[in-house]
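Enquirer: I'd like to ask some things about the structure below.
All of the numbers you see were taken from the coordinates with simple rules; none came from a lab. Predicted, not measured: the structure shown is a model, and the values here were computed from it. Glycine also receives a Cβ, built like all others from the backbone with ideal geometry; neighbour counts cover every protein chain displayed.
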């Protein structure tokens with residue numbers, strides 16, 4: 001029987017060396033049916049090296065490991081470091097690159113790159129369309145104008161103005177999953193394709209009184225709660241779930257990361273979305289979901305380009 005792990009000490013005991021990490025990764029990735037990860041090859045048989053880590057495909061004769069074609073490929077860090085880092089990332093409000101560097105013994109630059117690669121995987125979660133009752137709302141992430149020095153205040157930045165903030169759009173299916181993404185503007189042109197590609201036609205949309213949401217009334221049932229009048233619940237119509245998520249996202253960025261650029265903000269958003277959707281799973285189950293979605297690559301030159 002494969003030992004389970006629910007906390008950090010159990011995780012460290014479960015993976016004492018690199019071989020145990022690779023074997024767990026291979027087991028979760030291929031589930032007993034091995035496939036060559038090299039492009040253009042569909043071989044399902046391989047010779048195993050003595051180290052128990054490397055394989056040589058009997059079809060294309062190329063060598064690979066469980067890391068090939070995943071976020072771990074070409075990383076010089078041991079898989080045990082990755083697994084410990086993943087456990088720490090799943091903390092409710094995350095972990096900064098400076099703190100992670102101290103905890104696992106790497107440089108801050110390496111820790112930042114590691115975290116960004118993990119966030120790429122967290123945003124790679126495969127989902128079906130939302131349906132039923134779906135809350136829609138936007139948030140604006142950035143510093144508050146009242147906290148700025150007098151000569152750095154931004155004029156006309158109240159409400160939905162996003163001169164000094166980055167807009168984020170969220171959708172939450174009641175009893176289901178939440179999705180959120182950074183957008184360029186809270187306009188019908190931007191929101192229409194997001195709603196139609198993520199929400200089944202005929203669903204019931206719960207929104208505030210923002211005029212842009214009128215565009216969806218011909219294809220969806222729309223219910224409105226009037227925040228401008230101080231009304232936040234009208235029967236089963238409310239957007240409080242998303243409002244709570246926005247609060248959690250903003251507190252995480254302010255308290256842990258302190259600041260996130262517009263360029264990379266969406267990766268932080270996907271981190272919090274993943275943790276919200278899988279908040280009821282244990283550490284091992286969250287890691288298994290991560291492994292299922294790890295078939296993406298992020299190179300440093302692409303990250304900073």
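Enquirer: Can you give the angle from 0 to 90° between the axis of helix 18-30 and the longest principal axis of the chain, with both taken from C-alpha atoms, to the nearest 10?
Expert: Rounded to the nearest ten degrees, it is 60.
Enquirer: Once both axes come from the Cα atoms, what is the angle between helix 240-252 and the longest principal axis of the chain, in degrees from 0 to 90, rounded to 10?
Expert: Relative to the chain, helix 240-252 is tipped by roughly 60 degrees.
Enquirer: Taking the Kirkwood radius as the inverse of the mean 1/r across Cα pairs, report the Rg/Rh of the chain. Don't skip to the answer; put the middle values down first.
Expert: On the way: Rg = 22.1 Å, Rh = 21.7 Å.
Ratio of gyration radius to Kirkwood radius: 1.02.
Enquirer: A further question on this structure: Suppose we keep just the DSSP beta bridges with both residues in the range 133-260; what percent of those would be antiparallel, to 5? Show your work: numbers first, answer last.
Expert: Numbers: 14 of 21 bridges.
Of those bridges, close to 65 percent are antiparallel.
Enquirer: To the nearest 10 degrees, how steep is helix 283-292 against the longest Cα principal axis of the chain, on a 0 to 90 scale?
Expert: Between helix and principal axis, roughly 80 degrees.
Enquirer: Quick one: order 55, 268, 140 by neighbouring beta-carbon count within 10 Å, fewest to most.
Expert: Listed from fewest to most nearby Cβ atoms, that is 140, 55, 268.
Enquirer: Gap in Å between the Cα centre of the range 16-34 and the Cα centre of the range 240-305?
Expert: The range 240-305 and the range 16-34 have Cα centres separated by 25 Å.
Enquirer: Give the order of 279, 117 when sorted by the count of other beta carbons within 10 angstrom, beginning with the fewest.
Expert: Details: 279 10, 117 23.
Going from least to most buried by this count: 279, 117.
Enquirer: Considering only DSSP beta bridges whose two residues both sit in the chain, what percent are antiparallel, to the nearest 5? Working shown, then result.
Expert: Details: 19 of 27 bridges.
So the antiparallel bridges in the chain amount to around 70 percent.
Enquirer: What is the distance in Å between the Cα centres of the range 48-94 and the range 173-221?
Expert: Here the answer is 38 Å between Cα centres.
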